[in-house]
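J.: This structure is in structure tokens; I'll ask about it shortly.
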Amino acid sequence: MEILKIEVYKYSIPMVPFTIATGTMHFAQNLLIRIHTNTEHIGVGECSAFPMIVGETQATCYEMAKEFATIWKHKNALDIDARLGELDLFTARNYTAKSAFDMALYDLAAKHAGLPLYKYLGGNIKDIESDLTIGIDTPQNMAETAAKFVADGVRMIKVKLGKDPATDIARIQKIREAVGANIILRIDANQGWTYDDAVTALTGLGAYDIQFCEQPMRTFNDHLLPALCGISPISIMADESVYTHHDAERIIANKACASINIKLAKSGGIKEALAINKVAETAGVPCMLGGMLESRLALSAKVHLAMGLDNVKYYDLDTCLLGHKIDPVTRGARYKGMHLELNDAHGIGADVDPAFLQTLEQVVI
């Protein structure tokens, strides 16, 4: 299957401002690629740049994508290991940009096999229920949002924290009072706390029945995670501390987490996500599948991946519900409440409305 040309789009999606500990996003800084082949199959891939986390922007992903497309032209799309290896030889890291190309290759491989991606990955249809995330705001506003979520049938809420411990504790206190005892609460500090702040916040939050806390500290404090895990009454999930399976091996060996959040845009795509999950599963460490601010196209790929991995126990697949003002995706995964459903179309089973694509900055390599 020869790659003939690759379309690259600055796939910007306007959104309601969304705030986490490290900053506010006013639009989804996404990139879309469409790989055309001599078999007339088209592979689609999307990544979502989150610069305050991964250090990549939509602009850097766009420029990298031009280089990647040039490297791959006239190569075999079905040799996934070789193609992704070429990108790793060309540039270190840049995992977000790479993840869109990885996704498109898996889409093509599944289409070539005549299978939906989850079946290509060896998975089966299973129930997947996502949480829904609340961005940082005042305690009262966050509690009111949480109450609205519950009224709409949401059973699991992820709460962004990572500011001063006293206010973060007040946020959760208000939210727990608003939603009652039966709603699952998860928290994500997005590296916002120092070690001392993390100790104060987590011990103070222990009374509110929190399922887990994602990434309490900056990654340069990874050496302090084992001690924090020993003190915290709340289970610690590694997010930014695990980009690759090598990170997973290190973090698990150091007993520095109880679970791991896998994100395609953070790890480089499906191939590396599978490797991270394998390391974690071997060690008995469960994983969550999360994301940045992807549209339903990348969401569809993530749902397929989740169907294929029994060790993925938690789902944070609400990215396109976090204030996206438009949904330009055709077909693909659909929400039924907070449950996600797939069709049996081959590959990822999703694409983007051609009329919307025509409005975007684009280049063909």
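J.: Looking at the structure I just gave you, is residue 168 crowded, with 18+ Cβ neighbours inside 10 Å, touching a helix residue (DSSP H, G or I) at 6+ places or on another chain (Cβ under 7 Å) and charged (D, E, K, R)?
T.: yes
J.: Sticking with this one: So which residues in segment 148-180 are closer than 21 Å to residue 217 by Cα, among the hydrophobic types (A, V, I, L, M, F, W, C) and touching a residue at least 40 places away in the same chain (Cβ under 8 Å), if there are any at all?
T.: Selection gives 161 alone.
J.: Is it true that some residue in segment 55-71 is in a loop (DSSP other than H, G, I, E, B), among the charged types (D, E, K, R), in the same structural domain as residue 310 (by TED's automatic domain parsing) and at negative phi?
T.: no
J.: Among the listed residues 294, 240, 281, 272, identify the single one that is surrounded by fewer than 20 Cβ atoms within 10 Å (Cβ to Cβ), in the same structural domain as residue 211 (by TED's automatic domain parsing) and not β-branched (Val, Ile, Thr).
T.: Going through 294, 240, 281, 272 in turn, the sole match is 281.
J.: Then there is this: State the number of residues belonging to segment 216-225 that are loosely packed, with under 15 Cβ neighbours inside 10 Å and of a type outside the set (Phe, Trp, Tyr).
T.: 1
J.: Find the helices (runs of 4 or more DSSP H) located wholly in segment 252-365 whose residues include 2 or more that are acidic (Asp, Glu), and list them.
T.: Counting at least 2 such residues, we get 270-282.
J.: Looking at this structure, is residue 96 part of a strand (DSSP E or B) and closer than 27 Å to residue 332 by Cα?
T.: In short, no.
J.: Ok, one more. Considering each of 111, 119, 174, 158 in turn, give the residue that is surrounded by 18 or more Cβ atoms within 10 Å (Cβ to Cβ), touching a strand residue (DSSP E or B) at 6+ places or on another chain (Cβ under 6 Å) and part of a helix (DSSP H, G or I).
T.: Being surrounded by 18 or more Cβ atoms within 10 Å (Cβ to Cβ), touching a strand residue (DSSP E or B) at 6+ places or on another chain (Cβ under 6 Å) and part of a helix (DSSP H, G or I) holds for just one of 111, 119, 174, 158, which is 111.
J.: Would you please name the residue that is nearest to residue 293 (Cα to Cα), looking only at residues in segment 135-152 that are assigned to a loop (DSSP other than H, G, I, E, B) and not acidic (Asp, Glu)?
T.: Per the stated criteria, the residue is 135.
J.: Which residue out of 260, 365, 270 is over 26 Å from residue 64 (Cα atoms) and either among the β-branched types (Val, Ile, Thr) or under 17 Å from the mean Cα position of the chain (by Cα) (or both)?
T.: Only one candidate passes the filter, namely 260.
The values are calculated or read from the model by the stated rules, or taken from the named source; none is laboratory data. Predicted model, so just to flag it, every value in this text is computed and none were measured. All Cβ positions, even for glycine, are placed from backbone atoms using ideal geometry, and neighbour counts span all protein chains on display.
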